[in-house]
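Data first, discussion second: the structure below is written as structure tokens.
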Amino acid sequence: MTFEHEVATKVAVPDGLPMAPRPFVIRRTRRETYDTFTLELESTIKTKPFSFAPGQFNMVYVFGVGEVPISISGDPDNMDKLLHTARAVGTVTKRMSALGKGDVLGIRGPFGAAWPLAEAKGKDVVIVAGGIGLPPLRPSIYSIMRNRGEYGRVCLLYGARTPSDILFPREMETWRKKHGIDVFITVDRSMKGWKGNVGVVTTLIPKATIDPLNTLAMIVGPEVMMRFSALELLKRGIDPATIYVSMERNMKCGIGLCGHCQFGPHFICKDGPVFPYNRIKELLMKREI
Amino acid sequence: MFQVAVTAMVYRIETAAVQSLIEVLHQQNYSVLGPTLRDGSIVYDELHDASDLPMGWTEEQRPGYYRIRKRNDEALFGFTLGPHSWKKFLFPSISKLFSASRNAKGFNVLKDKAEPKGGTKPLAFFGVRPCELHAIEIQDKVFASGDYKDPQYNNVRAQVFIVAVNCSHPAETCFCSSMGTGPGVEGQYDLALTEIIDEKQHFFLIEAGSPKGEQVLENIQHHPAEGNEVSKGEDVVRTAASNMKRTLDTRGIKELLYENAEHPEWEKVGARCLSCANCTLVCPTCFCNTVEDSTDLGGTEATRTRKWDSCFTLDFSYIHGGNIRTSTKARYRQWMTHKLASWIDQFGTSGCVGCGRCITWCPVGIDITDETRVIRDNNGSA
Ligand SMILES: Cc1cc2nc3c(=O)[nH]c(=O)nc-3n(C[C@H](O)[C@H](O)[C@H](O)COP(=O)(O)OP(=O)(O)OC[C@H]3O[C@@H](n4cnc5c(N)ncnc54)[C@H](O)[C@@H]3O)c2cc1C
Ligand code: SF4
Ligand code: SF4
Ligand code: FES
């Protein structure tokens, strides 16, 4: 079996310095939740439009502060703007969240392997997202919506910590109403006024409106969540060869030179972050790999 | 692979010609780097002339033990390896990746400031052991052959002149025979030396491995070696091989380690290991590194610095929400499995050349060959 996006296109290296970021200016910012924000970026240097494949990430640099891997959360067919959605958790992402319109960030990328959207054609698609795992999947959803007729039933299962952690609620409503995507949401902890599901995202898997024998699954979330989601999908009879996950490790370079992102024999930055479940399932079951 | 059609000519040079060799390299504008004695160990540094070589010295190495010792002859290469490896010149422990300054458009990467470490002179590595030549070729695969290449490494590497030396006196910690990397020189060198020394004679055999090497050789006194001299050289390597006691059985090593990720030995070795990272620092192939971003006080100039890092530190595997490899056991397993197994999947070669440095410089004497043996002997007992 060939993994279609394995051959990630090599990115042009400005000035022969693969570790030097290109400046991008922030055109808009959007507060998604109390701790999560989206930045809309545009290159300050007039070059080719920024093209990427769903699932790829950039190394995002805050001047003098640091650089972190962040998935691209925008529409792959709209190359004018580059979108990143991040949760402010530490040094770099907190500084990033404080930036506003007109401020400049550094970008290196796009890097990594993408979601197998071509392989998914003609199949039902189940997308399982936990927390900040939803933004890395949004480009796939955009792509599917644009070519909606080529996919079967499409089902998004999304778990957030609390109702106020839910990302893109209005957009999800549109996906449901206008694009025929079944959206199921659950929260770990309920709050006053919440009438929806409570429980971990794996509890939604039995509800997924898909034909297990002809389904492709994409999962992003914390490692335990991905492990249990995959097991739950297997229980529903989904072929393990059609399950994909996006892995996360510390990354200092994004280009296979720093060694930090190793996961067994894989460099997550260049062999992943998207992996066929079959390729990494043994490693996923081991601790501290 | 192709075979070299004709065996390169073997020449004899006298010991005094070693000085000429260094001089010729200097004349050709090389900065000559090689083994020299400093603070009780043999390290790699600038060689001004042949007297900087550790003449008449050898060393004793055991797990967790290294002492230099006088020899009773005047051998120039009568030792093996110290704590340094050539990686410190090709992949410096600290280097600046770029600097950038703020401007109206945000910031601007300053091209001229990518610092060429070790000056701009091309480097001549004088006295590269067989295992180290392999280690350099392994790091070439990491830094110079993927989709993304390290520009600093490549700039320096492209100009390196290599004078290799066949091994005559393996240390107790050496196991290059097992790894197929020694004790005879193989690979891309410019010149290769073999030191012949006994009560009656002291001279060198020399072979050119490249046009650059031939050109240097032309400039020093040499003449074709006689048949018995050539066979003396072969004896040196053969004796070295038969004197090598330490072994590592590499049969099916990748599968062995992959299948034994839960072997109880990891727990045991993890309890001994101090997580000090010495092994990764002395290893000639370990390449992991980290970057640090900083600004000047005014916040207008930013710099990114790259530093050697080690999979033995807790921070190495940090991601928000916790470190992945919290236990020393997991870190040792990561290191050894990477060296001997996953490296093969990643780069098509072992990540270990059998130099033994990690054994010698481990403060508690952990031995990668012993660890492999224990796992092999109780294969699958987890
Ligand atoms: C492929 C990939 C895609 C990602 N996509 C997103 C995304 O779309 N949105 C989002 O909010 N987050 C994403 N993350 C996680 C994000 O990289 C971390 O939240 C971020 O690195 C935290 O950095 P910090 O400096 O704010 O936090 P600190 O806790 O201060 O971290 C210090 C340093 O540790 C490293 N580090 C910490 N956490 C992580 C981590 N989770 N992964 C890798 N390195 C880490 C970084 O080098 C960071 O600078 C992604 C991670 C990976 C590997
Ligand atoms: S792992 Fe040890 S013996 Fe092998 S190359 Fe590295 S330092 Fe040398
Ligand atoms: S194996 Fe030895 S040298 Fe390596 S980290 Fe552990 S104690 Fe240090
Ligand atoms: S992030 Fe540096 S090797 Fe993958």
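The values are calculated or read from the model by the stated rules, or taken from the named source; none is laboratory data. On a predicted model such as this, the values are computed, not experimentally measured, just so you know. Glycine also receives a Cβ, built like all others from the backbone with ideal geometry; neighbour counts cover every protein chain displayed.
Against the definition (within 14 Å of chain B (Cβ to nearest Cβ) and more than 16 Å from ligand 1 (Cβ to nearest atom)), how does A:GLY180 come out, yes or no?
Numbers: within 14 Å of chain B (Cβ to nearest Cβ): no; more than 16 Å from ligand 1 (Cβ to nearest atom): yes.
Considered against the rule, which asks whether it is within 14 Å of chain B (Cβ to nearest Cβ) and more than 16 Å from ligand 1 (Cβ to nearest atom), A:GLY180 comes out as no.
Among the candidates A:GLY112, A:GLY122, A:GLY149, A:GLY131, which residue alone is buried (at least 24 other Cβ atoms within 10 Å of the Cβ) and either over 23 Å from A:ARG22 (Cβ atoms) or modelled with pLDDT of 95 or more (or both)?
Working: A:GLY122 fails: buried (at least 24 other Cβ atoms within 10 Å of the Cβ); A:GLY149 fails: buried (at least 24 other Cβ atoms within 10 Å of the Cβ); A:GLY131 fails: buried (at least 24 other Cβ atoms within 10 Å of the Cβ).
So the residue among A:GLY112, A:GLY122, A:GLY149, A:GLY131 that is buried (at least 24 other Cβ atoms within 10 Å of the Cβ) and either over 23 Å from A:ARG22 (Cβ atoms) or modelled with pLDDT of 95 or more (or both) is A:GLY112.
Tell me yes or no: at least one residue of region B:338-358 is within 9 Å of ligand 3 (Cβ to nearest atom) and away from chain A (no Cβ under 12 Å).
Among the residues of region B:338-358, at least one is within 9 Å of ligand 3 (Cβ to nearest atom) and away from chain A (no Cβ under 12 Å), which makes the answer yes.
Looking only at region B:313-360, count how many residues are among the charged types (D, E, K, R) and away from ligand 4 (no atom under 16 Å from the Cβ).
5
Residues that are among the aromatic types (Phe, Trp, Tyr), under 25 Å from A:ALA118 (Cβ atoms) and within 16 Å of ligand 4 (Cβ to nearest atom): find the strands (runs of 3 or more DSSP E) completely inside region A:30-103 holding 1 or more of those.
Output list reads A:57-62.
Specify the residue that is farthest from B:LEU110 (Cα to Cα); the eligible residues are those in region B:292-345 that are surrounded by fewer than 22 Cβ atoms within 10 Å (Cβ to Cβ) and of a type in the set (Phe, Trp, Tyr).
My answer is B:TRP343.
If a residue must be more than 9 Å from ligand 4 (Cβ to nearest atom) and assigned to a helix (DSSP H, G or I), how many such residues does region A:241-270 contain?
Of all residues in region A:241-270, those more than 9 Å from ligand 4 (Cβ to nearest atom) come to A:241-248, A:263-266.
Next, from what is left, pick out any that are assigned to a helix (DSSP H, G or I): A:241-242.
Total satisfying the criteria: 2.
A:VAL224 fails exactly one of the following numbered conditions: (1) among the aliphatic types (A, V, I, L, M); (2) touching a helix residue (DSSP H, G or I) at 6+ places or on another chain (Cβ under 9 Å); (3) within 16 Å of ligand 1 (Cβ to nearest atom). What is the number of that condition?
(2)
Restricting the first residue to region B:126-152 and requiring it to be within 28 Å of B:THR305 (Cβ to Cβ), which pairs with a second residue that is assigned to a helix (DSSP H, G or I) and aromatic (Phe, Trp, Tyr) meet a Cβ separation below 6 Å and a spacing of at least six or different chains?
What qualifies is B:LYS141/B:PHE347; B:PHE143/B:TYR153; B:ASP150/B:PHE143.
Mind counting the residues in region B:345-368 that are within 18 Å of the chain's Cα centre (by Cα) and part of a helix (DSSP H, G or I)?
The qualifying residues number 6.
Return the pair list, or none, for Cβ contacts closer than 8 Å from residues in region A:40-60 that are within 14 Å of chain B (Cβ to nearest Cβ) and within 10 Å of A:MET79 (Cβ to Cβ) to residues that are hydrophobic (A, V, I, L, M, F, W, C) and surrounded by fewer than 24 Cβ atoms within 10 Å (Cβ to Cβ), at least 6 apart or on different chains.
Qualifying pairs under 8 Å: none.
Working carefully through the options B:ARG69, B:ARG62, find the one that is at pLDDT 95 or above and more than 23 Å from B:CYS286 (Cβ to Cβ).
Values: B:ARG62 fails: more than 23 Å from B:CYS286 (Cβ to Cβ).
Being at pLDDT 95 or above and more than 23 Å from B:CYS286 (Cβ to Cβ) holds for just one of B:ARG69, B:ARG62, which is B:ARG69.
Which one of A:ILE238, A:ILE243, A:ILE185, A:ILE205 is away from ligand 1 (no atom under 16 Å from the Cβ), buried (at least 17 other Cβ atoms within 10 Å of the Cβ) and more than 20 Å from A:PRO135 (Cα to Cα)?
One residue alone meets the criteria, A:ILE238.
Using the structure shown, decide if A:ILE238 is away from chain B (no Cβ under 12 Å), in contact (Cβ under 8 Å) with a residue 24 or more places away in the chain and not in a strand (DSSP E or B). It would help to see each step written out before you state the result.
Details: away from chain B (no Cβ under 12 Å): yes; in contact (Cβ under 8 Å) with a residue 24 or more places away in the chain: yes; not in a strand (DSSP E or B): yes.
Yes: the conditions hold for A:ILE238.
Residue pairs, Cβ under 7 Å, 6 or more apart or interchain, first in region B:268-288 and within 13 Å of chain A (Cβ to nearest Cβ) and outside any loop (DSSP other than H, G, I, E, B), second of a type in the set (Gly, Ala, Ser) and away from ligand 4 (no atom under 16 Å from the Cβ). List them.
If the second residue must be of a type in the set (Gly, Ala, Ser) and away from ligand 4 (no atom under 16 Å from the Cβ), the pairs left are B:GLY270/B:SER327.
Within region A:255-263, can one find any residue that is more than 16 Å from ligand 2 (Cβ to nearest atom), crowded, with 22+ Cβ neighbours inside 10 Å and either under 18 Å from the mean Cα position of the chain (by Cα) or of a type in the set (Ser, Thr, Tyr) (or both)?
Yes.
State the number of residues belonging to region A:82-104 that are farther than 16 Å from A:THR44 by Cβ, buried (at least 18 other Cβ atoms within 10 Å of the Cβ) and hydrophobic (A, V, I, L, M, F, W, C).
Qualifying residue count, region A:82-104: 4.
Before we move on, is B:THR305 outside any helix (DSSP H, G or I), over 20 Å from B:GLU132 (Cα atoms) and not charged (D, E, K, R)?
For B:THR305, the condition - outside any helix (DSSP H, G or I), over 20 Å from B:GLU132 (Cα atoms) and not charged (D, E, K, R) - is met.
Could you list, in sequence order, all residues of region B:185-219 that are on the phi > 0 side of the Ramachandran plot and either assigned to a helix (DSSP H, G or I) or touching a residue at least 60 places away in the same chain (Cβ under 8 Å) (or both)? Walk me through how you get there before you give the answer.
Step one: of region B:185-219, the residues on the phi > 0 side of the Ramachandran plot are B:187.
Within region B:185-219, none qualify.
Give me the residue from region A:246-259 that is out of contact with any helix residue (DSSP H, G or I) (no Cβ under 6 Å at 6 or more places or on another chain) and more than 8 Å from ligand 1 (Cβ to nearest atom) and, out of that set, farthest from B:TRP343 (Cα to Cα).
Checked region A:246-259; the qualifying residue farthest from B:TRP343 (Cα to Cα) is A:CYS253.
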